[in-house]
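K.L.:
Just passing along the structure, written as structure tokens.
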Amino acid sequence: MQLYLPIAEVSVSLFLLLGLGVMVGILSGMFGVGGGFLITPLLFFLGIPPAVAVATGANQIVASSVSAVLAHLRRKTVDLKMGTVLLVGGLGGSGVGVWLFNYLKEAGQVDLLVRLCYVVFLGIIGGLMLIESLRALLNAQKGKRGKRKSHGWVHGLPFTMRFRASGLYISAIPPLLVGAAVGVLAAIMGVGGGFIMVPAMIYLLGMPTKVVVGTSLFQIIFVTAFTTIMHAVTTQTVDIFLALALICGGVVGAQIGTALGSRLKAEQLRILLALLVCAVCVKLGLDLVIEPTELYVISQEGAPE
Amino acid sequence: MTPLRRLLAAAALWSAAALPAAAQETGEGAGAESVVLGLSQDSVSISTDFDGSEILVYGAVKREVPIPADPPLEVVVTVSGPFVPITVYRKERRFGIWVNTDAVEIDLAPSFYAVATSGPFDSVLSNVEDLRHSVSVPRAIRSVGARVENAQAFTEAAIRIRDEAGLYQLLEGAVHVREETLFSTRIRLPANLTEGNYATRIFLTRGGRVIGDTSSMIDVRKVGLERWLYNLSRDLPLVYGLLSLTLAIVAGWGASTAFRYMRN
């Protein structure tokens, strides 16, 4: 069954969109990533104009994140205080990010920079996570326990706050900075930023993996909601039909994902996420390096593919 | 006998009078044969389940003289979507990665273009006539002031890309001509259609020369919910954004609640 999308002005199979939604929803619930880094390239592949894909992806992430956060809230695996601090930084960061995005757009080559951002960040994060989680898994098998928390420079900063749900007593500055940095990247890359946020919370802030997913999703809701409204007003590329089809699949997937995630061990979860991040990175990296079959691209109304 | 003779006489008189003026427009012999055009539909409604549309273009040749023996009558039908400017980028390898380097702006390129002919394009329409009436795809695309070397390659690439996407079609032999009088063809409009006025043009040719032409418009419009949402997103973008957001939050909350009840 075909669905004509009023804003994207293309006709796509409804079942394809639902399936895509379910798949991304599962990932969202399992790992606390919004799935934007997967859904946006996949929508390009379906022939959806890039601007529409980015804006609508953000709207879809709102829905799947709400669904998953509610599940996490019932399980008490959301650190609301930490989430709020991250969010304050995040909104500031995404404001800067939007400005930067428009600046780069004026200069041209924004498409390339977005891709490079993806490759670099996914590569670094995926690689580090993979090494770390493999090491943790090996240690666990030998019966040793890894260091639970590292006490470093992070703990010597002022404005200390108590984050009870995370069992942390640290300065508010690192979470604010993490939130801001993720906000900038999220706005440039057109994603919620969960795949950067989750590892940053685990490795930089030392938060327990259990609360990381819920807390990340909590702040993703607000960042993506902000992005959706901004796109609707400025670029007018949010496609409500496309979003609804993805959402219908996504909310179901998010519930499945949350249930799956609670059955897996934290180390296994991390390895899976690391592998996923690496796979997307390799794919995007190869696209940049391998000679494309079509050397020319058409761009209409200033939106380069 | 008498009516026919009167008709022929009138036609001869009329064509003799009309010839000098008409010759400037469409070449000699113009006016002797003209087109009566019909379309299976003069509007296309894009609704939610829109999956492309097929337009039947048919017509007849009206003539006041006997059918000329030679060369045979040929028909060319074109359907073109709205013309919009596009930019074509070329990728080049820089520091190991493929980067968009040169760009050529094409001032006007149709979002959709189909040419159907009753025979091989080159024999149906001469180069001169193609140039004059902008019939074939390369002629229909207008690119002026390109400052990049070898701009032709960019235009060709644009045509190739849209050709592969089914947006540009050359349908040789797709027009059926019967008894040199009736003609018909079917043109498939793809699902990813943009809104606007789609111009339909018909050319009658003999020996590669255009001897008559006519045109008509097909109105392609979104209807119903599609129309309403599209207008809302353009007129009240903030409301549209909040609506999208509300739907997303409600859907997320609804699914979460539904799953909780299912589990209990």
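K.L.:
Just to be sure I understand the filter: pairs with C-beta atoms under 6 Å, separated by 6 or more residues or on different chains, first member in the range B:82-109 and more than 7 Å from every other protein chain (Cβ to nearest Cβ) and touching a residue at least 24 places away in the same chain (Cβ under 8 Å), second member assigned to a strand (DSSP E or B) and of a type in the set (Ser, Thr, Tyr). Which pairs pass?
P.N.:
B:ALA103/B:THR87; B:ALA103/B:TYR89; B:GLU105/B:THR87
K.L.:
Any chance the range B:136-150 includes a residue that's acidic (Asp, Glu) and either surrounded by fewer than 19 Cβ atoms within 10 Å (Cβ to Cβ) or closer than 27 Å to A:ILE7 by Cα (or both)?
P.N.:
Scanning the range B:136-150, I find at least one residue that is acidic (Asp, Glu) and either surrounded by fewer than 19 Cβ atoms within 10 Å (Cβ to Cβ) or closer than 27 Å to A:ILE7 by Cα (or both), so the answer is yes.
K.L.:
Residues to consider are B:ILE161, B:ILE249; find the one that is outside any loop (DSSP other than H, G, I, E, B), at the interface with chain A (Cβ under 8 Å from one of its Cβ atoms), in contact with a strand residue (DSSP E or B) (Cβ under 6 Å, 6 or more places away or on another chain) and surrounded by fewer than 20 Cβ atoms within 10 Å (Cβ to Cβ). Step through it out loud before you land on a result.
P.N.:
Details: B:ILE249 fails: in contact with a strand residue (DSSP E or B) (Cβ under 6 Å, 6 or more places away or on another chain).
Answer to the selection: B:ILE161.
K.L.:
Considering only residues that are exposed (fewer than 15 other Cβ atoms within 10 Å of the Cβ) and either touching a Pro at 6+ places or on another chain (Cβ under 7 Å) or away from chain A (no Cβ under 14 Å) (or both), which ones fall in the range B:47-64? Show your work before the answer.
P.N.:
First, pick out the residues of the range B:47-64 that are exposed (fewer than 15 other Cβ atoms within 10 Å of the Cβ): B:47, B:49, B:51, B:54, B:56, B:62.
Passing the criteria: B:GLU54, B:LEU56, B:LYS62.
K.L.:
Mind counting the residues in the range B:187-197 that are assigned to a strand (DSSP E or B) and within 14 Å of another protein chain (Cβ to nearest Cβ)?
P.N.:
The number of residues fulfilling the criteria is 3.
K.L.:
Next question, about the same structure. Does B:VAL44 satisfy the criteria of being among the aliphatic types (A, V, I, L, M) and either more than 12 Å from chain A (Cβ to nearest Cβ) or closer than 16 Å to B:GLY212 by Cβ (or both)?
P.N.:
Taking the combined requirement at face value, the residue does not satisfy it.
K.L.:
Oh, and also: Of the residues B:LEU170, B:LEU189, B:LEU245, B:LEU193, which single one is touching a Ser or Thr at 6+ places or on another chain (Cβ under 7 Å) and closer than 30 Å to B:ALA103 by Cα?
P.N.:
On inspection, the qualifying residue turns out to be B:LEU189.
K.L.:
Quick test for you: out of A:THR40, A:THR56, A:THR77, pick the one residue that is hydroxyl-bearing (Ser, Thr, Tyr), farther than 26 Å from A:ALA274 by Cβ and either more than 14 Å from chain B (Cβ to nearest Cβ) or crowded, with 22+ Cβ neighbours inside 10 Å (or both).
P.N.:
A:THR56
K.L.:
Now a separate question. Which one of these is farther than 17 Å from A:TYR118 by Cβ and not in a loop (DSSP other than H, G, I, E, B): A:LEU18, A:LEU27, A:LEU43?
P.N.:
A:LEU18
K.L.:
Next question, about the same structure. Taking B:GLU74, is it buried (at least 19 other Cβ atoms within 10 Å of the Cβ) and modelled with pLDDT under 80? Even if it seems obvious, please write down each step before you answer.
P.N.:
Numbers: buried (at least 19 other Cβ atoms within 10 Å of the Cβ): yes; modelled with pLDDT under 80: no.
No: the conditions fail for B:GLU74.
K.L.:
Which one of the conditions (1) farther than 16 Å from A:THR77 by Cβ; (2) hydroxyl-bearing (Ser, Thr, Tyr); (3) surrounded by fewer than 24 Cβ atoms within 10 Å (Cβ to Cβ) does A:THR227 fail to meet, given that it meets all the rest?
P.N.:
Looking at each condition in turn, A:THR227 falls short on (3).
K.L.:
Output the number of residues of the range A:30-40 satisfying the condition of being of a type in the set (Gly, Ala, Ser) and part of a helix (DSSP H, G or I).
P.N.:
1
K.L.:
Is it the case, given these coordinates, that A:ALA8 is touching a residue at least 40 places away in the same chain (Cβ under 8 Å) and within 9 Å of chain B (Cβ to nearest Cβ)?
P.N.:
yes
K.L.:
Here are some conditions: (1) in contact (Cβ under 8 Å) with a residue 24 or more places away in the chain; (2) closer than 23 Å to A:ALA180 by Cβ. A:VAL251 meets all but one. Which one does it not meet?
P.N.:
(2)
K.L.:
Report yes if some residue within the range A:179-202 is over 18 Å from the mean Cα position of the chain (by Cα) and either within 22 Å of A:MET30 (Cα to Cα) or in a helix (DSSP H, G or I) (or both); otherwise report no.
P.N.:
Residues of the range A:179-202 over 18 Å from the mean Cα position of the chain (by Cα): none.
Within the range A:179-202, not a single residue is over 18 Å from the mean Cα position of the chain (by Cα) and either within 22 Å of A:MET30 (Cα to Cα) or in a helix (DSSP H, G or I) (or both).
K.L.:
Please enumerate the residues belonging to the range B:61-94 that are closer than 27 Å to B:GLY196 by Cα and of a type in the set (A, V, I, L, M, F, W, C).
P.N.:
Within the range B:61-94, B:VAL75, B:VAL76, B:VAL77, B:VAL79, B:PHE83, B:VAL84, B:ILE86, B:VAL88 qualify.
K.L.:
Which members of the range B:210-241 meet the condition of being facing chain A (nearest Cβ under 7 Å), part of a helix (DSSP H, G or I) and out of contact with any Lys or Arg (no Cβ under 9 Å at 6 or more places or on another chain)?
P.N.:
Filtering the range B:210-241 for residues facing chain A (nearest Cβ under 7 Å) gives B:222, B:226, B:229-230, B:233-234, B:237-238, B:240-241.
Remaining after also requiring part of a helix (DSSP H, G or I): B:226, B:229-230, B:233-234, B:237-238, B:240-241.
Answer for the range B:210-241, where residues must be facing chain A (nearest Cβ under 7 Å), part of a helix (DSSP H, G or I) and out of contact with any Lys or Arg (no Cβ under 9 Å at 6 or more places or on another chain): B:GLU226, B:SER233, B:ARG234, B:PRO237, B:LEU238, B:GLY241.
K.L.:
Further question: Does the range A:231-239 include one or more residues that are buried (at least 24 other Cβ atoms within 10 Å of the Cβ), within 14 Å of chain B (Cβ to nearest Cβ) and in a helix (DSSP H, G or I)? Full working, then the answer.
P.N.:
Taking the range A:231-239 first, the residues buried (at least 24 other Cβ atoms within 10 Å of the Cβ) are A:231-232, A:238-239.
Next cut, within 14 Å of chain B (Cβ to nearest Cβ) only: A:231-232, A:238-239.
Applying the additional criterion that residues be in a helix (DSSP H, G or I) yields A:231-232.
Yes.
K.L.:
Tell me which residues, restricted to the range A:255-300, are under 30 Å from B:PRO82 (Cβ atoms) and either among the hydrophobic types (A, V, I, L, M, F, W, C) or touching a Leu at 6+ places or on another chain (Cβ under 6 Å) (or both).
P.N.:
Correct list: A:LEU295, A:VAL297, A:ILE298.
K.L.:
So for the range B:168-186 (the condition being at pLDDT 85 or above, within 14 Å of chain A (Cβ to nearest Cβ) and buried (at least 18 other Cβ atoms within 10 Å of the Cβ)), does at least one residue qualify?
P.N.:
yes
K.L.:
Considering only the range A:240-262, state which residues are at pLDDT 80 or above and surrounded by fewer than 19 Cβ atoms within 10 Å (Cβ to Cβ). Can you show your working first?
P.N.:
Of the range A:240-262, the ones at pLDDT 80 or above are A:240-250, A:252-253, A:256-257, A:259-260.
Within the range A:240-262, A:ILE256, A:ALA259, A:LEU260 qualify.
The values are calculated or read from the model by the stated rules, or taken from the named source; none is laboratory data. Owing to the predicted nature of the structure, the values given are computational and were not obtained by experimental measurement. Positions of Cβ are generated from backbone atoms using ideal geometry, with glycine treated the same way; all protein chains shown enter the neighbour counts.
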